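Structure first, then comments.
The values are calculated or read from the model by the stated rules, or taken from the named source; none is laboratory data. It should be emphasised that the depicted structure is a prediction, and the values quoted were computed from it without experimental measurement. Neighbour counts are summed over all protein chains in view; Cβ atoms, including those assigned to glycine, are modelled from backbone coordinates with ideal geometry. For the accessible areas, the whole protein counts, side chains as well, though only heavy atoms, and no ligand, DNA or RNA atoms are used. Shrake-Rupley method; radii C 1.70, N 1.55, O 1.52, S 1.80 Å.
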Amino acid sequence: EVVAIVGIADQLKADAAATIQLLQQQMHKDVYMVTGDNERTAHAIGVRQLGLSPDRVIAEALPVAKVRKVQSLQRQGHVVVMVGDGINDSAALAQSNVGMAMGTNALVSEAADFVLQSSSRVSLVATSLELAQVIFRRIRLNLVLSLVYNALGIPFAMGVFYPLVQIQLPPTLAAVAMALSSFSVVTSSLALYLYRPSIQDTTSNNSTSTTTTNHHPNQNHSGGDDDDVTTTMRTPLLSSV
């Protein structure tokens, strides 16, 4: 006679499914789940609840297997973002192009490039990637606007167009125009305050989180190189549980 049955299962974060959907459908990222759990549990969570394809769910993975998966994707020419929250993720975080640590585990934080100091908000991963793209697009916009402004303004101030328009720019107005150039770039940058994440926080409004960065001297974080890769091919994002 059965007296009692006890079932134990991992509980998904409230925003996990929405975050995976955003990464895959809107941000066009290839998402993998690499976990040390057994295959049955991994597929129940990754395939049924998160909507990942079975070939993107890797179960019973030891720390070395996570590193090999990162290396395999890198050999294919991908930029790999690794997200982990445990000590067994440290090696893969260090191997990846961009490592994101969830929570405040000191040992994991040392191996990561970014530390998301809230392990309950998975949406911060998508927000961090999205915000990085928004900032880089703004940098390129500011550069183009500055080049166009100066390409027209400097010759005009030098009198290059005087034979055509018979108008010469006084030095005082030239100085004001130069100041306006800097003002326009700063104003454009301040417009980033209008940014709103595509996925809204589903946790309590009282919860707070911050993001810190760790820079490793042996890693190159060139904005231009990373942007070229993420815009020309799908960027694999590994999630470890």
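Counting only protein heavy atoms and a 1.4 Å probe, tell me what percentage of region 1-148's accessible area is made up of carbon and sulfur. Answer for region 1-148 is 55 percent, counting heavy atoms of protein chains only.
In the context of the full set of protein chains, region 1-104 has a per residue accessible area of 55 Å² (1.4 Å probe).
Counting only protein heavy atoms and using a 1.4 Å probe, the accessible area of Phe183 comes to about 130 Å².
Each peptide in 139-149, 92-102, 122-132, 26-36 gets a packing score, the mean of other Cβ atoms within 10 Å over its residues, and the list from highest to lowest is 92-102, 122-132, 26-36, 139-149. Using a Cα-Cα cut-off of under 19 Å, which lysines could be cross-linked to Lys29, ignoring same-chain neighbours fewer than 8 residues away? Reachable lysines: Lys66, Lys69. Look at where the Cα atoms of region 24-78 and of region 88-140 average out, and the two centres are 17 Å apart.
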